[in-house]
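Peer 1: Sharing a structure here in structure tokens format.
The values are calculated or read from the model by the stated rules, or taken from the named source; none is laboratory data. What you are looking at is a predicted structure, and each value in this text was computed from that prediction instead of being measured. Reconstructed Cβ throughout: ideal geometry from the backbone, glycine too, with neighbour counts over all protein chains shown.
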Amino acid sequence: MKAVLKSEPQAGAALVELPVPEPGPGEVLIKVKTTAICGTDHHIYIWNEWAQNRIKPPLVMGHELAGEIVELGPGVKNAKVGDYVSAESHIVCGHCVQCLLGEEHVCQNTSILGVDRDGCFAEYVVVPEENLWFNDSAIPLDIAPIQEPLGNAIHTVLSGETRGKTMAVFGCGPIGLMAIGVGKACGVSRIVAVDINDYRLGIAKEMKADLIINSKHASPVEAIMDYTRGKGVDIVLEIAGAPIVYDQIFKAVRPGGRVSLLGLPATSLTVDFSNEIVMRGITIHGIAGRRLWQDWIVGRELLVSGLLDLAPIVTHRFDLEDYDKAMDLMTQGDCGKIVLYPGGVE
């Protein structure tokens, strides 16, 4: 099979021919129809500091997928050949304290597809049956693989009350853009989108953001205060991970408001906890991935019902062989979500 392999501990990757993997006990073999590029995949491709400390080549990259089950391993109970599936990439242990409490998204023994074991930038991938997500047939092939990052957006938006609230999204990468759509679908009254990339702010407008702010040209705090008549927004979602944003988000949220943090700053930060958080009664939520499986369920319902349309976010489609062009486009930043087709773009 064709696969994108991180073969060496350096920038780049290689398109190689590998044997089709065989499913072991409790596993299935999936023929990959579509796979989407995540920021994590890009980190691995450019070989940044995080990747250098985490990834052990050789490794088949990729963890967001949609495809068809073509073979069952011993002991598989419910899956069938021909099922249209995606997969949760976090393979959890099921026995740590977090798992026993129903908090599998922070399992302390998590293994990740395309990070700790071979992933889905390939024609075939093996996945444990317990990680399968059985897709609704109404969800198209270019949307099905991005249900996993959609779960991150849902977790971030719905970590508190949304009905009738105002919200600001700092960072309009694909998950931030999804969060705008989720917010609108879940009763947020007005949404402000903040980024430094005009291309992505244009998509934010398509996702029904009410106000877009390019923070290279205007102060987001001043603009948000003006927009809310000096009150501040009820909810701030931090999805950029840029250190400068942390000087803005706690000033943009109203006293008593909520800040949900999904972005990952590369360095330690200094925050004025006394004046900006404690004395203003701010609630802070750290968001780690998506909740298994409630955020997947919410995502499916939003998509199938038509309340959420992710079509504007999928901006580019490439054959798997052109993964390098797709990665270069991600480096440039003028894109939304990029979907790769192992069998060629249809």
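Peer 1: Spot the failing condition for A66; the list is (1) under 18 Å from G26 (Cα atoms); (2) in a strand (DSSP E or B), and only one is missed.
Peer 2: (1)
Peer 1: Picking from L177, L132, which residue would you name as being surrounded by fewer than 24 Cβ atoms within 10 Å (Cβ to Cβ) and among the aliphatic types (A, V, I, L, M)? Full working, then the answer.
Peer 2: Working: L177 fails: surrounded by fewer than 24 Cβ atoms within 10 Å (Cβ to Cβ).
Only one candidate passes the filter, namely L132.
Peer 1: Kindly indicate which of E49, E71 is at pLDDT 95 or above and of a type outside the set (A, V, I, L, M).
Peer 2: Details: E49 fails: at pLDDT 95 or above.
Every option except E71 fails the conditions.
Peer 1: Still on this model: Surrounded by fewer than 24 Cβ atoms within 10 Å (Cβ to Cβ), in contact with a Gly (Cβ under 7 Å, 6 or more places away or on another chain) and either over 17 Å from V314 (Cβ atoms) or of a type in the set (G, A, S) (or both): which single residue out of R229, R163 fits that description? Quick ask: steps written out before the conclusion?
Peer 2: On the way: R229 fails: in contact with a Gly (Cβ under 7 Å, 6 or more places away or on another chain).
That would be R163, the only listed residue that is surrounded by fewer than 24 Cβ atoms within 10 Å (Cβ to Cβ), in contact with a Gly (Cβ under 7 Å, 6 or more places away or on another chain) and either over 17 Å from V314 (Cβ atoms) or of a type in the set (G, A, S) (or both).
Peer 1: Taking the residues in segment 1-60 that are of a type in the set (D, E) and in a loop (DSSP other than H, G, I, E, B) as candidates, determine which candidate is farthest from the chain's Cα centre (by Cα).
Peer 2: Start the filter on segment 1-60 by keeping residues that are of a type in the set (D, E), which leaves 8, 17, 22, 27, 41, 49.
This time we only want the ones that are in a loop (DSSP other than H, G, I, E, B), so: 8, 22.
Working: E8: 26, E22: 28 Å.
Going through the qualifying residues, I end up with E22.
Peer 1: Continuing with the same structure: Kindly indicate whether R290 is surrounded by 22 or more Cβ atoms within 10 Å (Cβ to Cβ) and of a type in the set (K, R).
Peer 2: yes
Peer 1: Kindly indicate whether G241 is surrounded by fewer than 21 Cβ atoms within 10 Å (Cβ to Cβ) and not assigned by TED's automatic domain parsing to the domain that holds A179. Break it down stepwise before answering.
Peer 2: Working: surrounded by fewer than 21 Cβ atoms within 10 Å (Cβ to Cβ): yes; not assigned by TED's automatic domain parsing to the domain that holds A179: no.
The answer is no for G241.
Peer 1: Could you list, in sequence order, the residues of segment 96-114 that are out of contact with any Phe, Trp or Tyr (no Cβ under 8 Å at 6 or more places or on another chain) and either outside the structural domain of I37 (by TED's automatic domain parsing) or at positive phi (or both)? Full working, then the answer.
Peer 2: So in segment 96-114, the residues out of contact with any Phe, Trp or Tyr (no Cβ under 8 Å at 6 or more places or on another chain) come out as 96-113.
G102 - this is the single residue of segment 96-114 that is out of contact with any Phe, Trp or Tyr (no Cβ under 8 Å at 6 or more places or on another chain) and either outside the structural domain of I37 (by TED's automatic domain parsing) or at positive phi (or both).
Peer 1: Checking W50 against (1) of a type outside the set (S, T, Y); (2) surrounded by fewer than 16 Cβ atoms within 10 Å (Cβ to Cβ); (3) within 18 Å of I146 (Cα to Cα): exactly one of these is not met. Which one?
Peer 2: The single condition W50 does not satisfy is (3).
Let's see how each residue does on (1) out of contact with any strand residue (DSSP E or B) (no Cβ under 9 Å at 6 or more places or on another chain); (2) hydroxyl-bearing (S, T, Y):
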position	(1), (2)
K33	no, no
A36	no, no
T40	no, yes
P57	no, no
E64	no, no
V70	no, no
K77	yes, no
D83	no, no
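Per-residue answers, yes or no, for (1) outside the structural domain of F250 (by TED's automatic domain parsing); (2) among the small types (G, A, S); (3) in a strand (DSSP E or B); (4) under 20 Å from G119 (Cβ atoms):
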| residue | (1), (2), (3), (4) |
| --- | --- |
| L292 | yes, no, no, yes |
| G299 | yes, yes, no, no |
| L303 | yes, no, no, no |
| E321 | yes, no, no, yes |
| C335 | yes, no, no, no |
